[in-house]
Amino acid sequence: MSKRDYYEILGIDRKVSDQQVKSAYRKLALQFHPDRNPGDVVAEERFKEAAEAYAVLADREKRGLYDRFGHAGVTGSGPGAGGFDPTIFADFSDIFAGLGDVFGFGDIFGARRRRGGPQRGADLRYDLEISFEESAAGTDTTIQIPREETCETCAGSGAAAGTSAETCSQCKGSGQLRYQQGFLTVARPCSNCRGTGKTIAKPCLTCRGAGRIARERKITVKIPAGIATGQRLRLYGEGEHGSAGGPSGDLYVVVHVQEHSFFHREEDDLYCEMPISFPTLALGGRVKVPTLDGREDVHIPAGTPAGTRFKVRGKGMPNVSGRGRGDLHVIARVAVPKKLTREQKHLLEELAKTLPQEKLDGEDATEGEKPFFERVKDIFG
């Protein structure tokens, strides 16, 4: 029976890079590995077939011979024949590094994963909502988080007072049991000690042998001024405690800032719309604009059209890194009174009569927009 083409086996083109060869093999190894397909003879054959193809195509010299002479170049009947050697799997540790969590074991083709030693605690995340004002000024807040901590009764050993953990008799302390599957040697966590390499005859009554207990912990978090939604604070060592003397993980506080009813934030700049009376826009004057630090006087030049933007420098949000502040952008809007007295209405009508009629009739109005006088009549009746 003739062998299948190695490129066909891996599902790749002959011109692919070495990294693409590696990626293609890794995908097939995950799919057809015997530990994922126990008792499946077809899957085991596909796995061996892919491994053989990779052993040749991952080696530049062998790949060159295969490209020139086909299978004859690498099976003993052609120049530079080397044959397929199952021991090539000893060099595949980079391919299978990190796959122990997928298959549930810590040793694949020599890529050993230490068990039972010090392990770093898990990182934690906490989502914190603060007000816009707290974001602008900065604040200290106290949060309460649940986390796994080292049991103080047994100091994390899991054994009752006066006793200690013993070396597992089944795995001899390695935490793993090796199995031979054809030419493959794989390892699985020891079921007797659950991969720790230790057994406990008398468990600690406080943690029931786990060495860790769940606790609620209060932590004070300093929120810097200018922080924005989505930014996070890293509190080193405030995550879950490590095991077997390993370091604690970190706590990541992800900040969510509430929207403000008046200000809109873009990076460190603030934007707001300020209602200004028509007489002030027409005649000019000064208006007091709200800022984060109180009211600020803004000069309005005579003849200012609605939509004009004024910049108030240094009145935006503080930069979270402490490098200055953004600006406040004030957008002028016409303040239209909802109710008018009879006298006010009469004065407004008299004003309308004195304005240039051609503009009131809409000659300069934009397409689809009513003339000014018609809009006034619509508003005031």
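FYI, it's all coordinate maths here, none of it is from the lab. Note that the coordinates shown come from a computational prediction; the quantities given were computed from them, not determined experimentally. Note that we place each Cβ from the backbone using ideal geometry, even for glycine, and neighbour counts take in every protein chain shown.
With each pseudo-label sitting 7 Å past Cα toward Cβ, what's the GLU152-ARG194 distance in nm, one decimal?
Simple spin-label model gives 2.4 nm for this pair.
Could you pull the Cα extents of region 301-347 along its three principal axes, largest to smallest, in whole Å?
The Cα atoms of region 301-347 stretch 56, 21, 12 Å along their principal axes.
With 10 Å bins from zero, work out the P(r) of region 141-182 over every alpha carbon pair and list the percent per bin.
Going out from 0 Å in 10 Å bins, region 141-182 shows 20, 26, 27, 16, 10, 2, 0 percent.
Mind ordering 45-57, 229-241 by average Cβ neighbours within 10 Å, highest first? Before the final figure, lay out each step's value.
Working: 45-57: 20.5, 229-241: 15.9.
Per-residue Cβ counts within 10 Å, averaged per peptide and sorted highest first, yield 45-57, 229-241.
Dividing the alpha-carbon radius of gyration of region 229-284 by 2.2 N^0.38 Å (N being the number of residues), what value is obtained?
Numbers: Rg = 23.0 Å, N = 56, 2.2 N^0.38 = 10.2 Å.
Here the Cα radius of gyration is 2.27 times the empirical estimate.
How long are the three semi-axes of the equivalent ellipsoid of region 4-51, in whole Å, if each is the root of 5 times an eigenvalue of the C-alpha gyration tensor, listed from largest down?
Details: eigenvalues 93, 25, 6 Å².
That gives 22, 11, 5 Å for the three semi-axes.
For q = 0.20 Å⁻¹, what log10 I(q)/I(0) does region 203-360 give under the Debye formula with an equal point scatterer on each alpha carbon and no solvent?
The calculated log intensity ratios at q = 0.20 Å⁻¹ are -1.25.
Which number do you get for Rg(Cα) / (2.2 N^0.38 Å) in region 261-335? Could you put the intermediate results ahead of the total?
Values: Rg = 12.9 Å, N = 75, 2.2 N^0.38 = 11.3 Å.
Ratio of Cα Rg to 2.2 N^0.38 Å: 1.14.
Could you pull out every one of the lysines with an alpha carbon less than 22 Å from that of LYS339, ignoring same-chain neighbours closer than 8 positions?
Once the sequence-local lysines are set aside, what remains near LYS339 is LYS353, LYS370, LYS377.
So, counting K/R as plus one and D/E as minus one, what does the shell of residues with Cβ under 11 Å around GLU216 add up to?
On the way: positive: ARG147, ARG215, ARG217, LYS218; negative: GLU149.
With Lys, Arg at +1 and Asp, Glu at -1, the net is +3.
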